[in-house]
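Visitor: One structure, as structure tokens, below. Some questions next.
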Amino acid sequence: MPTVRRALQFLLERVGPEGLVGPEEETDWWVFLDWNRREPFGAPVEKRGYVTVLSLMTAAALRAGADLARWLGRDAEADVFRGHATLMLERTLERAWHDDIPAIVDWVRGGERTRHVSRFTTAWALLQGVGDPLQRTAMAEILAHPTGRAEPTTTGYGQTYNVAALFEAGHPDAALALVRRYWGGMLDRGATTFWESFDPDEDRATELDLYGRRFGVSLCHGWSGAVAATLVTHVLGASVSHPGASHVDLRPQLGSLAWAEGTVPTAKGLLELRWSADDSQVTIPPGMRATVTWHARRLDLGPGTHKIA
């Protein structure tokens, strides 16, 4: 916890007078976010002033720190971290939401506000629960449109956030369509490992170029494989909700899939899941309990194998 506390303090020291992280030009804050494969050392996020997604990421870190502090019995410290996160998210929505677009824009500064929208910022806003239902629907539509107006994402790392955000916003079919378009497109072009960067609309003659370098793209890049964990969390619906995997939440989102199954390793042992309309089954290891939300039903299950209608 002392190490986490120092890291979070480092982040809080970079909150500027407007209550957001930055401004980018006046601090040592700017860090790597994601590649723009056509712009050397560029990013799909417009970088000026208070860069919105850095505040969203900082809020996520503070929330994680609050959870850890609470699990360790440090409730007062947890409240402080969560309070900082809540204020930052409120300020982000207040300053960065643009009614005319409508979307969360990439940066603000004083009375300035860009009209530039990126999928990266949009995904993080959805993942952090920013916006009312109508605003969240508008943001989800940005991510669901494969070639819309928002700055595109070309790395598997960035696309993973887009997929997770669509699931979080309650659009499983749009999330699965993105998986099929991006990773499925990669498979269609002969991939046997996860590529660093890929554009389904790229000409095959230049698909492996990066920053103008011929064959500059790594064809075995771990970050693009993060979607596997996202599918476990959202399609299989498995999320560890207590330390040591003593309790898990199971909220599968199959969308139009007929079935899904998988085995999830945990500190308590293997959690085995199969979901379908007819023969869903959950096997829970010893020492674990699970809360299952499935077809508008909520079940509390203990160890063993359970058939779920």
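The values are calculated or read from the model by the stated rules, or taken from the named source; none is laboratory data. Since the structure is predicted, the reported quantities are computational estimates derived from the model, not experimental observations. Glycine gets a Cβ as well: all are built from the backbone with ideal geometry, and neighbour counts include every protein chain shown.
Visitor: How many residues, within region 36-54, are modelled with pLDDT of 70 or more and touching a Gly at 6+ places or on another chain (Cβ under 8 Å)?
Guide: So the answer is 6.
Visitor: Is it true that T58 is β-branched (V, I, T) and in a helix (DSSP H, G or I)?
Guide: yes
Visitor: So which pairs qualify, if the first residue must be in region 1-26 and within 17 Å of G83 (Cα to Cα), the second must be among the aromatic types (F, W, Y) and crowded, with 18+ Cβ neighbours inside 10 Å, the Cβ gap must be under 7 Å, and the two must be at least 6 apart or on different chains?
Guide: Correct list of pairs: L8/F81; R14/W29; G16/Y50; E18/Y50; L20/Y50; V21/W29; V21/Y50.
Visitor: Is it the case that some residue within region 282-292 is more than 26 Å from D67 (Cα to Cα) and either among the charged types (D, E, K, R) or over 21 Å from the mean Cα position of the chain (by Cα) (or both)?
Guide: Checking region 282-292: at least one residue is more than 26 Å from D67 (Cα to Cα) and either among the charged types (D, E, K, R) or over 21 Å from the mean Cα position of the chain (by Cα) (or both).
Visitor: Under 6 Å by Cβ, and 6 or more places apart or on different chains, what pairs join a residue from region 103-125 that is more than 13 Å from P44 (Cα to Cα) and at pLDDT 95 or above with one that is of a type in the set (F, W, Y) and surrounded by fewer than 24 Cβ atoms within 10 Å (Cβ to Cβ)?
Guide: Listed pairs, sorted by first residue: I104/W97.
Visitor: Under the condition of being more than 15 Å from G237 (Cβ to Cβ) and in contact (Cβ under 8 Å) with a residue 24 or more places away in the chain, which residue from region 267-281 is farthest from the chain's Cα centre (by Cα)?
Guide: D279
Visitor: State all residues of region 139-169 that are surrounded by fewer than 17 Cβ atoms within 10 Å (Cβ to Cβ) and in contact (Cβ under 8 Å) with a residue 12 or more places away in the chain; if no residue qualifies, say none.
Guide: P146, T147, R149
Visitor: Conditions: (1) modelled with pLDDT under 85; (2) surrounded by 17 or more Cβ atoms within 10 Å (Cβ to Cβ); (3) in contact with a helix residue (DSSP H, G or I) (Cβ under 6 Å, 6 or more places away or on another chain). L33 meets all but one. Number of the miss?
Guide: Looking at each condition in turn, L33 falls short on (3).
Visitor: Return yes or no: is S224 under 24 Å from the mean Cα position of the chain (by Cα), hydroxyl-bearing (S, T, Y), surrounded by 15 or more Cβ atoms within 10 Å (Cβ to Cβ) and assigned to a loop (DSSP other than H, G, I, E, B)?
Guide: So S224 does not fit the description; no.
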